[in-house]
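Down below is the structure, laid out as C-alpha cells.
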Amino acid sequence: MLKLIKLFLLPILLISFNQNATYADVVQLLSGSEIHGNIIKRTDNKLWVDIGEEVIEIHMSQVKHVNVDEDTAIQSEINTANLYRTSSNLPTRSPREQAKRVGASVIKVSTPSASGSGVLLNEDGHAVTNAHVIQGETDLRVTVWIPQQDGTLKRTTIEDVSIIAVNNHLDLALLQLTHPENLPFDFSVLEFAETIEVGQMVFAIGNPLGLERSMSQGVISTKQRSFDGLTYIQTDAAINPGNSGGPLFNSRGEVVGITNMGITAAESLNFAIPTRYVKDFIRNREAFAYDEKNPNSGHLYHKPPERSKNGVAPALKDSNLDSP
C-alpha cells in the first residue's frame with residue numbers, strides 16, 4: 001500500500017529516494033534537492049509524486065522547477081484504433097498547465113459569412129467543429145497555431161480544407177486539413193470513458209467574437225440537459241459566438257464536449273455536445289459523407305410536424321380498431 005507523505009510538513013534536508021530507479025519526472029525544490037518520480041496529479045497549489053513505495057504531496061511554494069517527461073508517456077498510451085484519439089492514462093493538471101499542452105490543437109474555422117472554433121482529432125489533420133459554423137459554405141479557411149522549436153506558436157492559415165461529413169442533427173462537421181509543411185498536427189484526445197460529474201472543473205478554449213485562443217473556466221452544471229431528443233453538457237464556463245465547435249476540456253486535458261450554444265439572455269447557461277455523440281458521428285461518418293455537388297446528401301433528420309391541437313387522437317380512443 002502506498003504511503004502519503006506531506007512534504008511541506010517535514011524538514012527539508014536532502015531528498016533521495018530509490019536512486020537506482022528510473023523515473024520520467026523531476027521536481028527541483030528551492031532547497032536545492034530533487035525528487036525523481038512520476039507526477040500523478042498537479043494543481044496550482046500542490047503536486048503529488050509517486051516515488052515507488054510512497055506518494056509525496058508537495059506544496060508549490062517549495063518548488064523551483066518541474067521537469068515533466070509527459071509527451072513520451074502520453075504518446076505511448078494513445079489509442080489509434082479510430083480516427084479520433086483516446087488515452088486512458090493522462091495525468092491530472094491545473095487548467096493553466098493543461099492549456100499549454102492542448103492549446104495548439106484548437107483551431108479557428110472561418111467562412112465568408114462567419115467564424116467559429118474546432119479541435120484537431122489526430123496527427124493527420126482531421127478536425128471537428130459545429131455543422132452550423134460551416135452551414136451553406138464551401139470556401140473554408142482554418143487558422144492553426146503550429147509549435148516552434150523555441151516554444152512559441154506560429155499562426156498559420158490553411159486554405160486546403162476538405163469537408164468530410166456533416167450531421168445537422170447532432171450539429172457536428174468533420175474536416176480534414178493539410179499541413180503546410182507536411183508535418184504531423186498537434187491534437188487533443190477525446191474522453192476515454194464518460195466519467196464527468198456535476199461540479200467537475202472544465203475549461204474551454206476557442207475564438208469568441210474573433211478573439212483568438214481565449215480560455216474560460218467553469219464547472220459542469222449538469223451532464224444530462226435534454227433538448228430536441230438529445231442530451232447536452234451544461235456548464236457555466238463562458239461560451240460566446242465564435243466558441244462554437246471548440247473543445248470543452250477536463251482536468252486531464254481530454255475533450256469532454258464540443259461547445260455549440262449558449263442562452264444569450266441569461267448568464268452561465270452554456271452547452272456542449274458530449275463526446276459519445278462525437279465518437280458515434282466519426283465512426284459512422286460514411287452515412288453523413290459530404291458531397292459538394294449534393295450538399296443534402298447523407299442522413300438528415302427533420303423535425304416531426306407539431307400537433308394542430310392538444311388531446312388524444314380520435315383513432316386512439318376507438319377501441320374497436322383492429323390492431324396493426
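The values are calculated or read from the model by the stated rules, or taken from the named source; none is laboratory data. This structure is a prediction, so every number in the text was calculated from the model and none was measured. When we count neighbours, we look across all protein chains shown, and the Cβ atoms used for this are built from the backbone with ideal geometry, even at glycine.
Some values worked out for this structure:
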| read-out | value |
| --- | --- |
| Test: residue in the stretch 153-176 that is without any contact (Cβ under 8 Å) to a residue 12 or more places away in the chain and either in a loop (DSSP other than H, G, I, E, B) or of a type outside the set (G, A, S) (or both) | yes |
| Conditions (1) assigned to a loop (DSSP other than H, G, I, E, B); (2) touching a Gly at 6+ places or on another chain (Cβ under 9 Å); number of the one not met by W145 | (1) |
| Residue check for K154: touching a Phe, Trp or Tyr at 6+ places or on another chain (Cβ under 9 Å), closer than 24 Å to M215 by Cβ, surrounded by fewer than 21 Cβ atoms within 10 Å (Cβ to Cβ) and of a type in the set (K, R) | yes |
| Residue in the stretch 80-91 that is in a loop (DSSP other than H, G, I, E, B), among the aromatic types (F, W, Y) and modelled with pLDDT of 75 or more present | yes |
| The stretch 252-264, subset small (G, A, S) and in contact with a helix residue (DSSP H, G or I) (Cβ under 7 Å, 6 or more places away or on another chain), residue surrounded by the most Cβ atoms within 10 Å (Cβ to Cβ) | G257 |
| Scan of the stretch 114-124 for residues that are within 23 Å of E292 (Cα to Cα) and surrounded by fewer than 22 Cβ atoms within 10 Å (Cβ to Cβ), ordered by number | A114, S115, D124 |
| The stretch 265-276 - residue that is touching an Asp or Glu at 6+ places or on another chain (Cβ under 9 Å) and either of a type outside the set (S, T, N, Q) or over 20 Å from S87 (Cβ atoms) (or both) and, of those, surrounded by the most Cβ atoms within 10 Å (Cβ to Cβ) | N270 |
| Matching residues, the stretch 193-216, being crowded, with 17+ Cβ neighbours inside 10 Å, closer than 19 Å to R276 by Cα and in contact with a Lys or Arg (Cβ under 9 Å, 6 or more places away or on another chain) | I196 |
| Selected residue [buried (at least 19 other Cβ atoms within 10 Å of the Cβ) and not aliphatic (A, V, I, L, M)] from T138, T92, T86 | T86 |
| Residue list for the stretch 210-242, restricted to those being hydrophobic (A, V, I, L, M, F, W, C), under 27 Å from A114 (Cα atoms) and touching a Ser or Thr at 6+ places or on another chain (Cβ under 9 Å) | I233, A237, A238, I239 |
| Which listed residue, of V161, V219, V189, is surrounded by 14 or more Cβ atoms within 10 Å (Cβ to Cβ) and more than 18 Å from the chain's Cα centre (by Cα) | V161 |
| Unmet requirement for I196, which otherwise passes all of (1) touching a helix residue (DSSP H, G or I) at 6+ places or on another chain (Cβ under 6 Å); (2) not assigned by TED's automatic domain parsing to the domain that holds T111 | (1) |
| Answer residue from the stretch 96-113, given it is surrounded by fewer than 18 Cβ atoms within 10 Å (Cβ to Cβ) and not charged (D, E, K, R) and is nearest to H126 (Cα to Cα) among those | G103 |
